[in-house]
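The values are calculated or read from the model by the stated rules, or taken from the named source; none is laboratory data. All values derive from a computational prediction rather than experimental measurement. Using ideal geometry, Cβ is built from the backbone for each residue, glycine included, and neighbour counts are taken over all protein chains shown.
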Protein chains: 2
Amino acid sequence: MKLSDQKQQFKNYLKEIDYYREALSLIHWDMRTKIPTKGVEQRSEVAGFLGEKIHQLQTSKQMEAYIKELKPNTDDSILLRTIEVCEEEYERNKKIPHKLYKDFMITQTKSEAIWQQAKENDDFHLFRPYLKKLVDFNREFASYWGYENNIYDALLHKFEPGITVNELDHVFPKLRSSLRSTLEKVQTSAVKPDPSIIQVHFPKQQQVAFTEQLLKQMGYDFTSGRLDETVHPFAIPLNQNDVRLTTRYDENDFRMAVFGTIHEGGHGLYEQNIDPRLARTPLATGASMGIHESQSLFWENFIARSYPFWEKNYDLFLQYAPHSFQNVDLEQFYQTINEVKPSFIRIEADELTYPLHIMIRYELEKALINEEIIVDDLPHLWNEKMNDYLGITPPTDREGVLQDIHWAGGDFGYFPSYALGYMYAAQIYHTLSKDFPVESLIRTGDLTPIKSWLAKSIHQYGKLKEPLEILTDVTNETLNPDYLVQHLEKKFKAIYQF
Amino acid sequence: MKLSDQKQQFKNYLKEIDYYREALSLIHWDMRTKIPTKGVEQRSEVAGFLGEKIHQLQTSKQMEAYIKELKPNTDDSILLRTIEVCEEEYERNKKIPHKLYKDFMITQTKSEAIWQQAKENDDFHLFRPYLKKLVDFNREFASYWGYENNIYDALLHKFEPGITVNELDHVFPKLRSSLRSTLEKVQTSAVKPDPSIIQVHFPKQQQVAFTEQLLKQMGYDFTSGRLDETVHPFAIPLNQNDVRLTTRYDENDFRMAVFGTIHEGGHGLYEQNIDPRLARTPLATGASMGIHESQSLFWENFIARSYPFWEKNYDLFLQYAPHSFQNVDLEQFYQTINEVKPSFIRIEADELTYPLHIMIRYELEKALINEEIIVDDLPHLWNEKMNDYLGITPPTDREGVLQDIHWAGGDFGYFPSYALGYMYAAQIYHTLSKDFPVESLIRTGDLTPIKSWLAKSIHQYGKLKEPLEILTDVTNETLNPDYLVQHLEKKFKAIYQF
C-alpha cells in the first residue's frame, strides 16, 4: 500500500475511535445531568460497550501496525505527535496482562459503590479491603509500566508526564512552609471576615443568569457549549464545538456556583480553543490534568477572586443579588469571598489552604505505593497530617480519608495535578502580567486580550506539546513554586493586613 | 456449534445492534433538545457512523446465517418473532441494490434541506425536482419489495403491515362522508366558541408545572423518563426505563403544550410498559406507527379532550392558570378547547377535521406512486382537495403542499398511519368502555385502571404481535371506522347542539 493511503487509513481509524469517544462522552454528560434514575442500569451497559470498542481499537494489532509502519516515515509534526500519543496509550495498555486489567476493572467498579456506602455510613472498615486491592493493582501496574527512581513516578506519568517524585519533593515543601507561615499570620490577624453577611438566600434562577453573564465576559462561547446543573461539577468536551459545563447551586451561598462555574468555564475555554486541525485525533484535548487545572484555576482564583474583577462586576452582581446585599460594600464583599479558614473538605477549601489538602493526599499515596505505610494506618495518619498542616482534626472519616472518590476509582498519582495546576497558573499569570496590564484589563471588563493570549499560548496546542514544554515555552522557565507563594502572600497580606 | 450456543450468540448480536441504537437515540434526542448550534456538524458525523454500524449489522452475512439456521429450529415464540422481524428488515434492505439505496440517501439528505428552503421561500419549484426523484425512488423500492394488488401497498407495509389500499379505500370514504356531514352541522350551528377567552398569557413555567401534573395522573413514570422543550415535539425511547418526551410552549395558547404533552405522554406510556423480557431485541418498541399513534390519540383526544377530564382537572388548571381564567367557566372552557374550525396546517387541526388532512395526503401520494398524477400537479390538486374537503384554500404553498416534512424525508405510505391510529384509538376506547365505567374513572381522576388495561392489552406486547392482530385481540373485530364516526358525531352534537 502507498504510504499516503496508509496515512489516510490511519486517520480514518482514529476518526472511528473518536466517534465512539464522542458518543460515550454524550452518555457520560447525560448520566450526570439528565438521565432518569431507572434509565441508568441499561445505559451503563451501552457505556461499557462503547468503552470496550475504544479500548479494542486503541490496542489492536492494526494499531500496532500503524505505529510501527508510520512512525519512521512521518515528518508532519501533527501526525508524528498523534502517533506518539497513540503509541503511549498502546504501550500502557499492552504492558498490562489482560486478566489483571479485567480484575482491576471489576474491583474498581465494586470499589466505587462500596466507597459510596462507606462514606455514607462513615465506615472505613467497609472500604479498607477494596482500597488494599486497589493499592496492590496500582503497584503492579507501576511495575509493568516501569520507572527510574520511584515506583510512584510511573503513576504520576499517566497524569502529568515529566513530573516526578523528585520534583514534587522539591517544590511541595517550599510551598508548604510558605503557606503555613501565611496561614499563621492570617489566623492571628485582627481582620475577621464575617461570611454570614453574604450567606443569604439567592434564588437559583438569578444565580444562573448572573454566572452566564460572567461566562460570556470570559469569552466562553454558548453557541459551542451549554451550562447545566449536576451534583459533582465538571466540564466535558463532546466535540470542539460542543464543550459543556456543569455546576451546582447553593441558594444560601452563591460562592459555590459563581466560582465553581468560572472554574469549569476555564476548562471549557481551553477545549473550545484547541486548533480545529487537531479534531478527531487524540491531540484534540488538554495537554495534561495539571495544565487543564491551570486554566480553570487561572480564571477562578487569579481573575474571578481578584479585587479588580469585582470593581468591574459588583454593580452587575447587585442587579441579580437579593436586596440584602445592598448593605454589603465592595471591600467587605471582597474580604468575605476570600476568607481563609482551614476546613475538612478539600473541594470546599479556600485558596490558601487548598494546596495543603493536596499535599496530605500526595504524601499518603506516595507512602502507600512505596509500602512505607499500610492501608490500615490511613485514617489515623490522615487526621494527624490534617492537624499538623491545617490545625484541625476531622471528627469523622467521612470528613477525612473517605471524602474523595479518586482512590475508589483506582486513581493514584492524580491528586498532585491539582497543586501543579495551581503553581502553573500562578507562573502563567506572572508571565501574562509582563505582557499586559492585566489588572486594569480586568477592571475594565475587557477580558478578550487575556482569553486570546491563553488561546494562542496554550489552548491551541491541545496535546501537541508535553505539559512542561508548554510551561517552559510560555514562561521561559520550568516549574517554579515561587510565583504562587508570592501571589498568595501578597494577596492575603493586603486582605488580612499583616 | 450447539444450537443453544448459537441462539445465545444471536442474542448477543442483537444486543450489540441495540447498544448502537440506544447511543444513536440519545444523540437524536440531544440534537433536538440540547445541542449548541455549532456542535451539530460534528455530531452528525457520529450519528452517520452509528447508523451505518446498525445498517451493517442488520444486513450482514452473519445476520443472514442466524436467520437461516435458527428460524427452522426455534419454538420459543419470542425468539421466533424476533427472527421474523430481523428477517423482514434484512429482506427489505437486501432487496434494494446498494447503489440505489446510497443514491436515495444522498437525495433524501439534500431534499430535506431544499424543502426547508422551499418552505421558507414559499417556492414549490425549488422542491419539485427533488420530490420527483423521491417519488421515483419509492416506486423503484416498491417494485423491489413487491406487492399483490397496488404498488402503494408495498410502501404501506413498511409502516402498517396488514393494511392495504383496498382496506383504506373502503374505510376512508365512509369516514370522510361522516366527517363532512358533521362538519357541515358544526358550521351551521349557532354555537360559536370564542377562543380569545383562553388565548391569554400563560407563563411557560406554569404550563410546565401543570402538564407534569397531568402526565403523572396518566401514570407516566418520571423516574423512567423526562420532559424537555423542542421545536417539533416527539417521544423517544432510549431504553425501556428512559423514555423521554418533548413538547413546545406557546405562552399565548396553552393548548399547544397541554394537549401536545399528553399526546407524547401516550407514546411514552406505551414504551414504558413493554415487557422487559423484550429488552435489547427489535421487539422492544411499538407494533407499528398506527398502533403507536392510537396510544397518543387515545390519551389526547379520548381522555384529555373529554368533559369528565376537565370536571376533574379544571380546578387544578385554575391553580396554575393566569387570573383571567377565573371568568371562564368549565362549560365555556370545554367548548373552546374543542372548537372545530377548518385550517390549513395539519398539526394544528382540530379533532374533527384532522382525518380529512390525512386523506388528502393519502389520495395524492397514492396517485403519485401509481403514476396517475405528476408532481407538477401537486400544488393545484392539493388546493382543490382542501377546498373540496375543508372548504378553504391555502393562500400559499407554504401553508399547503409544502407544510409537512415527510415527503422530503422520502417517506411515502406513512401518512395513513395517523388516521389509522385515530380509528384504532376509537375502537379501543369503545372496547374499554365495555369493561370499565371509563367516564366516571376519568371524572374521579383514577386513571390507573385505564393505564393498566392498555399496558396489559397492548403495551406489553411491543412488536410481538402484528398491528391488526393486536386490534383484533383487543376489540374482537378488525378495523372498523364506525367507532370514530360515532364518537365524533356524539361529541360535537353535544357541544354544537345540533
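The figures follow:
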quantity	calculated
Test: B:Tyr314 is hydroxyl-bearing (Ser, Thr, Tyr) and surrounded by fewer than 21 Cβ atoms within 10 Å (Cβ to Cβ)	yes
Residues within the stretch B:268-287 that are in contact with a strand residue (DSSP E or B) (Cβ under 9 Å, 6 or more places away or on another chain) and either part of a helix (DSSP H, G or I) or more than 29 Å from B:Gln9 (Cβ to Cβ) (or both), tallied	5
Complete set of residues in the stretch B:440-490 that are over 14 Å from B:Tyr270 (Cβ atoms), under 23 Å from the mean Cα position of the chain (by Cα) and charged (D, E, K, R)	B:Glu466, B:Glu469, B:Asp473, B:Glu477, B:Asp482
B:Asp435 vs. criteria out of contact with any helix residue (DSSP H, G or I) (no Cβ under 6 Å at 6 or more places or on another chain) and among the charged types (D, E, K, R)	yes
Selection count, the stretch B:203-230, where residues are within 14 Å of chain A (Cβ to nearest Cβ), touching a Gly at 6+ places or on another chain (Cβ under 6 Å) and touching a residue at least 60 places away in the same chain (Cβ under 8 Å)	0
Any hit, the stretch A:69-84, residues being under 24 Å from the mean Cα position of the chain (by Cα), within 29 Å of A:His157 (Cα to Cα) and at the interface with another protein chain (Cβ under 9 Å from one of its Cβ atoms)	no
Identity of the residue in the stretch A:33-42, surrounded by 17 or more Cβ atoms within 10 Å (Cβ to Cβ) and of a type outside the set (A, V, I, L, M), that ends up farthest from the other protein chains (Cβ to nearest Cβ)	A:Thr33
Residue match in the stretch B:228-245 (condition: of a type outside the set (A, V, I, L, M) and either in contact with a His (Cβ under 7 Å, 6 or more places away or on another chain) or assigned to a helix (DSSP H, G or I) (or both))	no
Any hit, the stretch B:57-68, residues being of a type in the set (Gly, Ala, Ser) and not in a helix (DSSP H, G or I)	yes
Residue that is surrounded by the most Cβ atoms within 10 Å (Cβ to Cβ) [pool: residues in the stretch A:71-110 that are in contact with a helix residue (DSSP H, G or I) (Cβ under 6 Å, 6 or more places away or on another chain) and of a type in the set (Phe, Trp, Tyr)]	A:Phe104
Within the stretch A:259-279, considering residues that are of a type in the set (A, V, I, L, M, F, W, C) and more than 14 Å from chain B (Cβ to nearest Cβ), the one surrounded by the fewest Cβ atoms within 10 Å (Cβ to Cβ)	A:Phe259
Pair list, Cβ < 6 Å and 6+ apart or interchain, from the stretch A:45-63 residues that are free of Cβ contacts under 8 Å to residues at least 24 places away in the same chain to residues that are aromatic (Phe, Trp, Tyr)	A:Val46/B:Tyr19; A:Phe49/B:Tyr19
Filter result (among the aliphatic types (A, V, I, L, M) and over 27 Å from B:Glu184 (Cβ atoms)) within the stretch B:366-423	B:Leu368, B:Ile369, B:Ile373, B:Ile374, B:Val375, B:Leu378, B:Leu402, B:Ile405, B:Ala408
Complete set of residues in the stretch B:345-368 that are of a type in the set (Val, Ile, Thr) and part of a helix (DSSP H, G or I)	B:Ile347, B:Ile358, B:Ile360
Selected residue (only one of A:Gly290, A:Gly265 is in a helix (DSSP H, G or I) and without any contact (Cβ under 8 Å) to a residue 60 or more places away in the chain)	A:Gly265
Total residues in the stretch A:318-333, condition buried (at least 17 other Cβ atoms within 10 Å of the Cβ) and in contact with an Asp or Glu (Cβ under 9 Å, 6 or more places away or on another chain)	0
Some residue of the stretch A:26-35 being of a type in the set (Asp, Glu), more than 17 Å from B:Ala47 (Cα to Cα) and part of a helix (DSSP H, G or I)	no
Among residues of the stretch A:231-258, those that are in contact with a strand residue (DSSP E or B) (Cβ under 7 Å, 6 or more places away or on another chain) and within 14 Å of chain B (Cβ to nearest Cβ), counted	8
Selection within the stretch A:365-396 - buried (at least 17 other Cβ atoms within 10 Å of the Cβ) and touching a Pro at 6+ places or on another chain (Cβ under 7 Å)	A:Asn383, A:Met386, A:Leu390
Per-region count, the stretch A:43-57, residues surrounded by fewer than 20 Cβ atoms within 10 Å (Cβ to Cβ) and either at the interface with another protein chain (Cβ under 7 Å from one of its Cβ atoms) or in contact with a Phe, Trp or Tyr (Cβ under 8 Å, 6 or more places away or on another chain) (or both)	4
Among residues of the stretch A:310-333, those that are assigned to a helix (DSSP H, G or I) and either of a type outside the set (Phe, Trp, Tyr) or in contact with a Lys or Arg (Cβ under 8 Å, 6 or more places away or on another chain) (or both), counted	14
Condition met for B:Lys15 (within 13 Å of chain A (Cβ to nearest Cβ) and basic (Lys, Arg))	yes
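Residues checked against (1) in contact with an Asp or Glu (Cβ under 8 Å, 6 or more places away or on another chain); (2) modelled with pLDDT of 95 or more:
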site	(1), (2)
A:Asn12	no, yes
A:Leu26	yes, yes
A:Lys34	yes, yes
A:Gln58	yes, yes
A:Tyr66	no, yes
A:Asp75	no, no
A:Glu84	no, yes
